[in-house]
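Data first, discussion second: the structure below is written as structure tokens.
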């Protein structure tokens, strides 16, 4: 009897160890809290001190280990070469900042049309060149996770409209090698023009974006997943549609 109990305990211990290892490997490394920490860090280090206001979009790149321990100290180390002065200078000159662990842009007025910030990050300037995002992802260290942030939600008529020549959906494939647990698209405010559209139309466009990269909304206190567990059914009381 004692031998059987010992064997049973051994089996239970082995199964528990396997499950623990599985959970560590597959668990969601980008939590709501970690996303919020990163967003607030960028706001306080790069944007507020240099009076950078209005629409902007950026992408942060981390190793998997950094993602699993993301806090202000980790962010300070990761972004030590991407100084606030260099970022501010690029944005003030109307350029896309391309750094070691981040890329960031503001919209650009090209007289005949407006290039949205997200598009500027994802679109190669020339056909035979790589986009700012692709170059960032190609750099060492190996991509563990990424945070794609846009102050204002992507517009439905242009950015998420696959029939528009300046849409971004075709470029979202650049993130395909990164699992859904390790990439997020985050916004804070709803694009004003979107509010003229039907909620269902906006919701359906966001669903398509979410299938490429899980969609979140952040405020000053927290971040929220727009489609938790892939639930696309309810949008009336969804925090991501608040103030619509």
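Normalise the Cα radius of gyration of the chain by 2.2 N^0.38 Å (N = residues in it) and let me know the number. Here the Cα radius of gyration is 1.15 times the empirical estimate.
Note on 172, 241: ascending count of other Cβ atoms within 10 Å places them as 241, 172, the fewest first.
Legend: ranking of residues 121, 79, 137 from fewest to most surrounding C-beta atoms inside 10 Å; resulting order 137, 79, 121. A simple spin-label model places the labels of residue 50 and residue 126 2.7 nm from each other, with each point 7 Å out along Cα-to-Cβ.
Straightening the chain between residue 163 and residue 80 buys 25.9 nm, computed as 0.36 nm per residue apart minus the Cα-Cα spacing.
Put in line by how crowded their Cβ is, counting other Cβ atoms within 10 Å and starting with the fewest, 101, 166, 34 read 166, 101, 34. Considering only 56, 81, 116, the Gaussian network model of the chain with Cα springs below 10 Å gives its largest mean-square fluctuation to 81.
By DSSP, the beta bridges lying fully in the chain are antiparallel in about 65 percent of cases. Each helix, a run of at least 4 DSSP H residues, gives -39500 (n - 2.57); summed and divided by the residues of the chain, these come to -10500 deg cm²/dmol at 222 nm.
For the options 144, 54, 179, a Gaussian network treatment of the chain with springs between C-alpha atoms closer than 10 Å singles out 54 as fluctuating the most.
The simple Förster model, with R0 at 25 Å and r as the Cβ-Cβ distance, assigns residue 208 and residue 229 a FRET efficiency of 0.90.
Relative contact order for the range 31-241: what percent, with Cα pairs under 8 Å and sequence separation of 6 or more?
Value for the range 31-241: 20 percent.
For the range 120-244, what is the percent of antiparallel DSSP beta bridges, rounded to the nearest 5? Beta bridges within the range 120-244, antiparallel portion: roughly 25 percent.
Bear in mind that the values in this text are calculations on the coordinates, not laboratory data. None of the values given here were measured: they were computed from a predicted structure. FYI the Cβ positions are ideal-geometry reconstructions off the backbone, even for glycines, and counts take in every protein chain you see.
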